[in-house]
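Written below as structure tokens is the structure these notes are about.
Every read-out reported here was derived from the displayed coordinates using simple, explicitly stated rules and does not represent laboratory data. All values reported here derive from a predicted model rather than from experimental measurement. Quick reminder, even Gly has a Cβ in these numbers, built from the backbone with ideal geometry, and neighbours come from all protein chains shown.
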Number of protein chains: 2
Amino acid sequence: MQSLLSDLPAGAQAAERFEDLLTRPGVRIERIVSSGQSTPTGEWMDQASDEWVLLVAGRAGLTLEGAPPLTLAPGDHLLIPTHRRHRVDWTETPTVWLAVHLGDIS
Amino acid sequence: MQSLLSDLPAGAQAAERFEDLLTRPGVRIERIVSSGQSTPTGEWMDQASDEWVLLVAGRAGLTLEGAPPLTLAPGDHLLIPTHRRHRVDWTETPTVWLAVHLGDIS
């Protein structure tokens, strides 16, 4: 047994931390720990696979292109479809995400 | 956006609640809400697919056959491999689980 809440950074960090928890054909479960990071102004993330994301701890702002900004609290989840442009507007320190990448994740 | 913590029962319920959040070939993401249920004494659960499970809220006792009992708190996760017998010893009311079923989930 492991915990998504273990080994969290105490303060701001230079970079987000990505950790694969389980990988299978067509699915990858990942923990992401943010500590204040956001997507650079004017940039969007655009991914080649579907990503189902759950905010586990902390709080974050997320915008899908063309939609109003969302504030995610623990328990909130959504699907970010393949190539749906999105950005992380802000994150608390620390913020823990669970991401389940689906489909062609090679 | 939805929340794993919305629409929770206020007290004990007759049965656990199961809700598919996302289904794809080889993967099914499910919310399970327990409210005091446990596996009947002397019985084991035995599943035909791998199940990665995360305790989201509440608290629960889980035993894998042949291993010491575990107490799961929010953030705790583990893989229950195919046909690994296990039982839920107890659950708080409410307890919210995220289950990701992997492989042959037909």
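Observations, loosely collected:
- The convex hull drawn around the Cα atoms of the range B:49-106, when projected onto a plane and averaged over every direction, covers 3.9 nm².
- Global geometry of chain B, whether rounded, prolate or oblate, following the gyration tensor of its Cα atoms and the 1.5 cut on a/c: oblate
- The peptide list A:8-17, B:67-76, put in order of mean Cβ contacts within 10 Å with the highest first, becomes B:67-76, A:8-17.
- Take A:TRP90, push a point 7 Å out from Cα through the beta-carbon direction, and compare it with the same point in every other copy: 4.2 nm, smallest first.
- Rounded if a/c under 1.5, otherwise prolate or oblate - the range B:5-49, Cα gyration tensor axes: oblate
- Here the dipole of the protein assembly as shown is about 100 debye; that uses its Cα centre as origin and unit charges on the Cβ of Lys and Arg (positive) and Asp and Glu (negative).
- Anisotropy class of the protein assembly as shown from Cα gyration tensor, a/c 1.5 cut: prolate
- Charge dipole (Cα centre; +1 on Lys/Arg Cβ, -1 on Asp/Glu Cβ; no other charges) of the range A:50-90 amounts to roughly 80 debye.
- Dipole moment magnitude, nearest 20 debye, chain A about Cα centre, only Lys, Arg, Asp, Glu C-beta charged: 100 debye
- Gained length - A:ASP46 relative to A:ASP104, 0.36 nm times residue gap less alpha-carbon distance: 19.5 nm
- Residues A:TRP90, B:TRP52, sorted so that the one with the fewest Cβ neighbours within 10 Å comes first: A:TRP90, B:TRP52
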